[in-house]
Structure formats: structure tokens, C-alpha cells
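These notes concern the structure reproduced below.
Read the figures in this text as sums done on the coordinates, not as results from a lab. Note that the structure is predicted; figures quoted are calculated from it, not measured. Positions of Cβ are generated from backbone atoms using ideal geometry, with glycine treated the same way; all protein chains shown enter the neighbour counts.
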There are 2 protein chains.
Amino acid sequence: MNFKSPSEIIFYTIESTIKAYRKSSQKNLSDKVKDMTIDQGLILAYLDRYPEKTQKEIAALAFKDSASMTRMLNLMEKKEYITRSINPENRRRFHIEITTKGKNVLQSLAPVIINNRKNALEGVSEEEIEQLETILSKIRANCTP
Amino acid sequence: MNFKSPSEIIFYTIESTIKAYRKSSQKNLSDKVKDMTIDQGLILAYLDRYPEKTQKEIAALAFKDSASMTRMLNLMEKKEYITRSINPENRRRFHIEITTKGKNVLQSLAPVIINNRKNALEGVSEEEIEQLETILSKIRANCTP
DNA sequence: TGCAAATATTTGATATATCAATTATTTTTG
DNA sequence: CAAAAATAATTGATATATCAAATATTTGCA
């Protein structure tokens, strides 16, 4: 197997880039709020923005599996960032609410998330972001059944 | 928090692309070899190519943590893809050997991995790969302490 | 030489990913 | 309408990620 082909290198680069981004973002976030992961923060943000979505839909937004979502929300409930109650219109669903504690955390998280993105994109032009977007979308389409 | 900024979208795209790639690669791989993950396959390939590297070094190549590597190698040992013996030159290290079974699996995996890459990059020019490489490296550098 | 620091690996704890199976409820359809 | 199909969420099993602490060994230096 050729370990030096461009195709090998590029997936290596994508992988390492996203890992570096996650790691640095998590660090900045942990400095600000103890006991909170990037993903939990993002999910909190999605819940805030789309309060009517089901767990399954939030999961899709965050590229999670329903099973992962269930477990993450269990944790977030235990940590008192959210509460869940059965949705009377459709009793298979939950109605998820962000607690005051959750809202406060979200407030303090927002600038961290924005700053993580800004920092990661320092020196990257709008045009480059568009190129990135275009090329990656093509790859994603190739990999999507 | 603005959920529609380019900076938000681009990380979403990177994330979804790599997930789609992993998922489709894993599927192709599972069709060929039962009970083998992409990462285990890659690690097998690295072990084959760099037989003298330590677990820690292999871990770094594959963007794993030493702890994860230990557990993955335990599994791979249990599945009889590798054997580990203490390296007499430095008894903190292991000498890892790929078993015949491991070598056979590796053989059948190689074309799958190559094909996964080829398929994912269908319609992506060399120039685009270079652009991707350049831009992502910039982002990674921004996120690397 | 002898002991402190460094190194390689493991282990424990906790979080997440993924697949398949299960439960509870709602919707569809013959 | 009643049974079957679809849907939302959960659970179990297993794999992986991550951090911190522990273990074993080697290296560097006073």
C-alpha cells in the first residue's frame, strides 16, 4: 500500500486538522466552563435555537446517532443543563427545556465558540473558505450513498 | 450565536465530510472483512510498514492516544492479528509482530483502502487536493499550540 | 554509583460512537 | 376498525477517546 500518495496525505490532513481544532476548542472551553464538552455545548446551542426539534433531529444537526444523543441528554439532564418532559401532542417525543443554569452556561460559551472559529480561521480568506466548502462537499457527496 | 456564518458552516462541512468518508469506508471494509475497523486496518498497515516503531509512535501516526492504542492492540491481539513480546533491548517497549492471519487480512484490505480513497476523490483535481492541503494545514497550524 | 527525571505502557474513570434489538406510541392501510 | 408498518426514544454490547494516575524501566547527572 502506498503511504505517500496525495490521496493518503489528504485524508491524514483532514483528520489531523479536525482533531487539532477539536482539541484546541475543547481546551478553551474547559478553561471557561468546567465539566462541559464542545459537543454538549453545541447541542445546548442547537436546543436553544431550535426548541421544537426532536432529539432525533438535534442528533442529525450535530451528526450524532440517536443512541448517543439519548446518552448525552441524560448526562446534560443530570448536570441540570436541561429538563425533559413528555410532549403531550406526541407521547413518543420529549419536550426539552434549557434550565437557567443551562442558559447561563450557553451565554458564557457563545463567545468561546465564536472565538474558537475565528482563531482557527486566522489568515484564511473568504475565498479559501469557499474553496474548502466546495471541495469538501464534493468529497462528501462521493461518500454519501 | 450566529448559526449561519461561513465559519460555522465550514466546520460543519469538515465534520460531516470526514464522518461520511469514515462511514462509507467502514462499510466497504466490513463487506470484505468481518470484525475489522478502519482504524484497526490502518494500524495494521502502519505496523507492517514501520515494524520498529513503538506503540506510542504508531499511535501518533494514527492520531491516537497511547491509552487507546493499548486497548486497540489488546483487541487485535485477541483477534490474533498481532502478537506482542517484550523488546529485550528496552524492556519498556513491545515488539509487535503481525501474524499470518494479520498479513492475510492486510492483503485483502489494501485494495479496499485504496479504493475508498479513490472513490472519495472522484472528480477532485490534483489542484483541488493541493488547495485543500494548503488551507487545512493553515487551520491546523492555527489550532496547534 | 545512586537517585531523580524521563519514557513506554497500562489502568481506571468517564464520555462518546455505532449497531442491533426493544419499547412505546402513532400512522397507515386493507 | 384492527393489524401492520412507521416512528421516537431507549438499552445493551462493544469499540474508541481522553485525562490522570500508576507501573516498570531506562537515562541523565550530581
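Structure notes:
- Each Lys and Arg contributes +1 and each Asp and Glu -1, all at the Cβ; summed about the Cα centre of the range A:80-131, the dipole is approximately 640 debye.
- CD proxy at 222 nm, helix term only [per DSSP H run n ≥ 4: -39500 (n - 2.57); per residue of chain A; nearest 500]: -22500 deg cm²/dmol
- Intensity falloff of the protein assembly as shown expressed as log10 I(q)/I(0), Debye formula with alpha-carbon point scatterers, at q = 0.08, 0.14, 0.15 Å⁻¹: -0.42, -1.15, -1.24
- Length released on extending from B:Ser125 to B:Val33, taking residue separation times 0.36 nm less the Cα-Cα span: 30.1 nm
- GNM on chain B, alpha-carbon springs under 10 angstrom: the most fluctuating residue among B:Ile18, B:Ile82, B:Ile129 is B:Ile129.
- Computed over chain A with a Gaussian network model linking Cα atoms closer than 10 Å, the most mobile of A:Glu15, A:Glu127, A:Glu89 is A:Glu127.
- Orientation-averaged projection of the range A:55-107 equals 3.9 nm² [convex hull of Cα atoms, one quarter of hull surface area].
- Among the listed pairs B:Lys32/B:Lys56; A:Lys64/B:Lys78; A:Lys19/B:Lys118; B:Lys34/B:Lys78; A:Lys34/A:Lys78; B:Lys64/B:Lys138, a Cα-Cα separation exceeding 19 Å is found for B:Lys32/B:Lys56; A:Lys64/B:Lys78; A:Lys19/B:Lys118; B:Lys64/B:Lys138.
- For the range A:2-145, the average shadow cast by the Cα convex hull is 11.2 nm², which is a quarter of the hull's surface.
- Förster radius 41 Å - calculated FRET efficiency between B:Arg91 and A:Ser68, Cβ distance, rounded to 0.05: 0.50
- Simple point charges give the picture: +1 on the Cβ of Lys and Arg, -1 on the Cβ of Asp and Glu, and for the range B:1-124 a dipole about the Cα centre of about 180 debye.
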